[in-house]
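Have a look at the structure below before the remarks.
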Amino acid sequence: MTRVRDPIHDYIDLSDVEVKLVDTPAYQRLRWIKQLGPANLVYPGANHTRHEHCMGTSHVVGKMADSVGLNSEEKQLASVAGLLHDLGHTAFSHLGDEIKGVDDHVIRTTQLISQTEISDILSEEGIDSKTVNQIITGNHKLGPLVSGDLDGDRLDYLVRDAHYTGVSTGVDMGRLITTMDMSDSQVVIKESGLPAVETLLTARSTMYPTVYFHPFARGAELMLARATNHAISSNEMDIEEFTTFTDHKLLSELDKSGGLSKKIVKDFENRIIAKRAASITKEQAESSGLEKAGRKEYEASIASKLDISPSEIYVDIPSFSVLSDLKVKILRNDGEIELARNLSRLVSGLYEAQFDHWRCRVYGPSEIRKEIAKVSETVLGI
């Protein structure tokens with residue numbers, strides 16, 4: 001057993017097998033991948049990494065396992081899955097979501113677990129790597145602890161991200177965990193824990209527009225995505241190698257690739273970031289029929305009307321799925337299970353309000369923001 005000091009959970013105890021897993025190259029790479037990507041350009045304290053988040057997730061999952069009455073073998077399985085659940089993230093965490101031809105990070109995670117020394121370490125300890133992968137993908141009875149609607153991953157990252165960005169949330173993790181139970185392979189919260197659920201979902205509602213989709217940080221991420229996609233399409237960077245990079249390694253390789261990628265990464269490093277010029281609501285986007293597949297066409301049209309290069313315009317159309325309802329379930333005092341939003345007007349209101357925060361945005365050079373905004377209205381039909 002090894003004890004690690006953590007600013008969120010005080011102390012995290014790692015079992016012997018977890019220590020071996022942390023010491024593998026696949027896991028150590030997470031030390032050099034920022035949890036919030038380029039958000040530190042906005043929040044200077046947001047330099048925490050996937051490494052500490054994964055340890056935190058493992059710790060929270062272990063606490064949840066104790067609360068719902070799992071045996072020691074099940075607890076170890078779930079904790080290991082929590083520790084390894086983010087192995088597949090690319091440099092700058094969710095940047096890989098914007099790179100053509102890159103598999104979802106969960107797929108890469110399962111591949112790293114089954115195809116590297118991690119599988120051997122698990123086997124030596126009597127742990128089946130296939131079972132760990134099933135938990136991570138949600139295809140196991142223990143899956144809800146790691147990849148469910150109210151899991152150790154979400155509990156850790158909401159509190160950890162808020163801590164490092166200085167956002168006040170008031171999440172009562174202890175209360176949430178002590179009022180947890182499992183019913184029909186799903187995590188539920190006893191009715192007495194409903195106020196803690198309300199606080200958690202209020203925190204989530206705050207974090208998405210203020211941190212996870214902060215317009216400046218999102219502009220920086222779009223720039224990195226364009227630089228990376230250009231380097232890959234120009235055969236200056238191998239797509240498989242990209243998935244193994246750390247943050248620093250990616251910036252270094254983009255700099256070496258020259259051309260547009262080098263220019264963008266230099267601007268990024270000097271915090272010369274494409275600025276938000278126009279914002280479009282969910283209702284406006286649906287009314288004008290905006291589609292993510294049309295981004296390149298929109299960018300080219302806006303750039304053409306402004307007589308600038310399309311590489312200077314970024315149209316960001318997030319998926320509505322990022323606003324999906326967290327289906328937190330409450331175990332009522334009468335034994336029935338009900339969605340939290342059916343029992344709480346606050347939770348119901350938060351679910352509806354989250355769509356008010358969704359925005360399609362157009363970014364470009366700061367000196368022509370007004371011109372970009374005007375042209376965007378015409379091109380995007382708003």
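Miscellaneous remarks
- Taken as a whole, segment 331-352 holds no residue that is of a type in the set (D, E, K, R), within 30 Å of ASP255 (Cα to Cα) and surrounded by fewer than 15 Cβ atoms within 10 Å (Cβ to Cβ).
- Selection count, segment 183-218, where residues are in contact with a strand residue (DSSP E or B) (Cβ under 7 Å, 6 or more places away or on another chain) and either among the aliphatic types (A, V, I, L, M) or modelled with pLDDT of 95 or more (or both): 9
- The conditions of being over 16 Å from the mean Cα position of the chain (by Cα) and assigned to a strand (DSSP E or B) are not met by VAL197.
- Meets criteria (more than 20 Å from ALA220 (Cα to Cα), at pLDDT 95 or above and either within 22 Å of the chain's Cα centre (by Cα) or surrounded by 14 or more Cβ atoms within 10 Å (Cβ to Cβ) (or both)) for LYS282: no
- Of residues in segment 224-256 being under 18 Å from the mean Cα position of the chain (by Cα) and of a type in the set (A, V, I, L, M, F, W, C), the one surrounded by the most Cβ atoms within 10 Å (Cβ to Cβ): LEU224
- Residue within segment 140-148 that is touching a strand residue (DSSP E or B) at 6+ places or on another chain (Cβ under 6 Å), free of Cβ contacts under 8 Å to residues at least 40 places away in the same chain and not charged (D, E, K, R) present: yes
- Residue within segment 131-153 that is under 20 Å from ASP10 (Cβ atoms), buried (at least 21 other Cβ atoms within 10 Å of the Cβ) and within 17 Å of the chain's Cα centre (by Cα) present: yes
- Evaluating LYS75 against the criteria (1) buried (at least 23 other Cβ atoms within 10 Å of the Cβ); (2) charged (D, E, K, R); (3) touching an Asp or Glu at 6+ places or on another chain (Cβ under 8 Å) leaves one unmet condition, (1).
The values are calculated or read from the model by the stated rules, or taken from the named source; none is laboratory data. The structure displayed is predicted, hence computed values, not measured ones. We place every Cβ from the backbone using ideal geometry, glycine too, and count neighbours over all the protein chains shown.
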